[in-house]
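The structure appears right after this line, and notes come after that.
The values are calculated or read from the model by the stated rules, or taken from the named source; none is laboratory data. This one's a predicted model, so the numbers in the text were calculated from it and none came from an experiment. Quick reminder, even Gly has a Cβ in these numbers, built from the backbone with ideal geometry, and neighbours come from all protein chains shown. Surface areas here come from the heavy atoms of the whole protein model, side chains and all, with no ligands, DNA or RNA. Shrake-Rupley method; radii C 1.70, N 1.55, O 1.52, S 1.80 Å.
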Amino acid sequence: MTIDDAIKGRRSIRRYKDKPVEMGLIREVLEAGTWAPSAKNGQQWRFTVLLGAAKERLTDLFRAELEALEERIGSDQMGSSLNSCGIMEKAPVLIMVWNAGERGWDSEVHSVAAAIQNMLLKAHSFGLGSLWIADIFYAHEPLVKYLGKPWKLMAAVSLGWPAFAPQPPRRKPVDEVAEFLS
Ligand SMILES: Cc1cc2nc3c(=O)[nH]c(=O)nc-3n(C[C@H](O)[C@H](O)[C@H](O)COP(=O)(O)O)c2cc1C
């Protein structure tokens with residue numbers, strides 16, 4: 001796979017086959033994350049891999065929290081959170097991604113984001129589908145409390161064998177997003 005195949009061919013995959021992902025592949029995806037650049041080489045990323053019943057317990061909690069929130073704030077305020085919860089319920093693998101940085105630097109967050117991108121690309125290189133999920137923020141506090149880690153929860157990443165190949169969403173051309181000064 002060329003670098004362009006990896007970068008441009010990766011898609012957010014929201015439907016997975018009902019087929020497990022081998023532990024060796026999961027570990028290789030995590031290892032790719034650990035090769036990301038990081039602020040002061042702090043390697044601030046931490047990962048909690050959830051499979052089977054452990055994943056189900058977390059998504060049950062997430063769904064219960066979302067339903068309680070929906071009661072309070074109304075369904076029009078829920079964004080894509082309920083949809084993301086459905087994806088997390090069906091994905092065979094869910095990785096909770098933490099920032100263990102202690103400085104409070106923005107760059108610690110950037111390090112963790114770089115690790116996530118590496119993981120998505122590595123997953124894609126295996127033919128695995130992945131989704132970067134920020135919707136966990138709709139129930140951030142209860143999820144952190146439940147998982148009981150001292151770190152900051154950044155995102156969830158779902159992994160699985162793709163059941164659908166989406167078209168790439170349109171990208172803004174370089175001239176729309178870059179300026180060149182000389
Ligand atoms: C920081 C971040 C958070 C995201 N959170 C979600 C999410 O909670 N739910 C979801 O379905 N997709 C989520 N996505 C996926 C984006 O919707 C997706 O990357 C975008 O639409 C472009 O599509 P592509 O990834 O196939 O290129 C997230 C992506 C990023 C980078």
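Just to confirm, what accessible area per residue do you get for the range 111-182 at 1.4 Å probe, in whole Å²?
I get 58 Å² per residue for this part.
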* **Cut-off of 10 Å, at most 11 other beta carbons, DSSP loop: longest stretch of the chain lacking such trypsin sites (Lys or Arg not before Pro)** => 1-102
* To do: Among the listed pairs Lys17/Lys145; Lys122/Lys152; Lys55/Lys145, give every one whose C-alpha distance is greater than 21 Å.
  => Lys17/Lys145; Lys122/Lys152
* Gap separating the Cα centres of the range 15-69 and the range 79-93, nearest whole Å -> 13
* To do: For Lys172, list the lysines whose Cα falls under 17 Å from its own Cα; do not include residues on the same chain fewer than 8 positions away.
  => Lys8
* **Cα pair distances exceeding 28 angstrom across the chain, given as percent** => 28
* Given Ala134, Leu181, Leu153, which one lies farthest toward the positive end of the charge dipole of the range 134-182, if we put +1 on the Cβ of every Lys and Arg and -1 on the Cβ of every Asp and Glu? -> Leu153
* Work the Kirkwood hydrodynamic radius out for the range 93-182: mean of 1/r over every pair of different alpha-carbon atoms, inverted, in Å. => 15.5
* To do: Report, to two decimal places, the Cα Rg of the range 1-89 normalised by 2.2 N^0.38 Å (N = number of residues).
  => 1.41
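For the chain, which whole percent of the accessible surface, found with a 1.4 angstrom probe, sits on carbon and sulfur atoms?
Accessible surface attributable to carbon and sulfur in the chain totals 52 percent.
If you average 1/r across every pair of different Cα atoms in the range 38-102 and take the reciprocal, what Kirkwood value do you get, in Å?
Computed over the range 38-102, the radius equals 13.6 Å.
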